[in-house]
1. Once phi is turned into θ = phi - 60°, what whole-Hz ³J(HN,Hα) does the Karplus curve with 6.51, -1.76 and 1.60 give for every residue of the stretch 62-69, x standing for Gly and Pro?
2. Can you list residues whose amide H is under 5 Å from Ser259's amide H, if they're 5+ apart or on another chain and H is modeled 1.01 Å from N?
3. For Ile46 and Val266, FRET efficiency with R0 = 22 Å and r from the beta-carbon atoms, rounded to 0.05?
4. Can you count the Lys pairs in the stretch 36-265 with C-alpha separation below 30 Å, eight or more apart or on different chains?
5. What nm value, rounded to one decimal, do you get for the distance between Thr112 and Glu166 when each label is placed 7 Å out toward the C-beta?
6. Tell me, in nm to one decimal, what length is gained between Glu62 and Val250 on full extension, where the rule is 0.36 nm per residue of separation less the Cα-Cα distance?
7. Using 0.36 nm per residue, how much length does the chain from Asp143 to Val70 gain when fully extended, once their Cα-Cα distance is taken away?
8. Note down the magnitude of the dipole of the stretch 36-265 about its Cα centre, charges +1 on Lys and Arg C-beta and -1 on Asp and Glu C-beta and zero elsewhere, to the nearest 20 debye.
Amino acid sequence: MFTAALLVQALLATAAFAIPTSRERAAARRARRSTGVSRQSKPVNIISSPAVTNTSHETFSENWAGAVLVASTATYKAVTGTFTVPTPKSTGGSEQQCSTAWVGIDGDTCQTAILQTGVDFCVTGTSVEYDAWYEFFPADSIDFTGISFSAGDSVTVTATVISTTEGTLKIENNTKGQTVSKTVSSSAKLCQTNAEWIVEDFEECEGSDCSLVPFANFGTIEFTGASATTSSGSVGPADAQVLDIEQSSVLTSTTVSGSTITVKFV
């Protein structure tokens, strides 16, 4: 019996060493990127607009779900929102699945540039990891360091325009009291005609070969306190265009109520 107990302990120890930690998984992702595999959010890929549904102004996209404001006369100078970090769940299979939540300027009617920042949620089996990132598309995204997340954390994300080629991106973990920010610049110019709150199926690229990552079940993301700053003041998402993801089937359901944008995985 003593030998059997030792064998069980040895097997458990081996299994424990075989499961990578979240830090090891994050390191593996960065290693993939260092060998030419990059992670990138990209402009919305519209499938149909408008759609006849019970949600007004709804548009279907291959990669974006959420809400987009489109400027008529004002230009967007900043966008912000707060959400609770979810526990992503696998939809089946053993490969890693991911989704991401972010706020940004441009990328809908203006597709030449996007100033954006957010948090990735990835799951492999029952193992979950989170990564904070910022991006000035068309450049690839870059991971923030010095901030961590757990399911249930309250997170505020903000994108602020300095000029058409420069902006500041900030993520605050309100629960942990951690804040990171980065001022970035680009040769690509913002139009400042879109402000968005988005859950996305992002891409991984190897050279010029890009494809959407397997999309994780993120449950529900609620952007609360959603607002955008324009040249004439602050506005909410009440008049925003609603987007939902459709791939082989419709994967999300988005609603807007007051200053809250709710995106559900269906």
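1. Each residue's phi maps through the Karplus curve to give 6, 10, 10, 10, x, 9, 10, 8 Hz.
2. The answer is none.
3. 0.70
4. Total qualifying Lys-Lys pairs in the stretch 36-265 comes to 20.
5. 1.9 nm
6. Contour length minus the Cα-Cα distance gives 66.7 nm.
7. Between Asp143 and Val70, full extension yields an extra 23.5 nm.
8. My answer is approximately 620 debye.
Values in this text are rule-based calculations from the coordinates and carry no lab data. Values in this document were obtained by computation on a predicted structure and should not be read as measured data. Methodologically, a virtual Cβ is constructed for each residue, glycine included, from the backbone with ideal geometry; neighbour enumeration extends over all protein chains shown.
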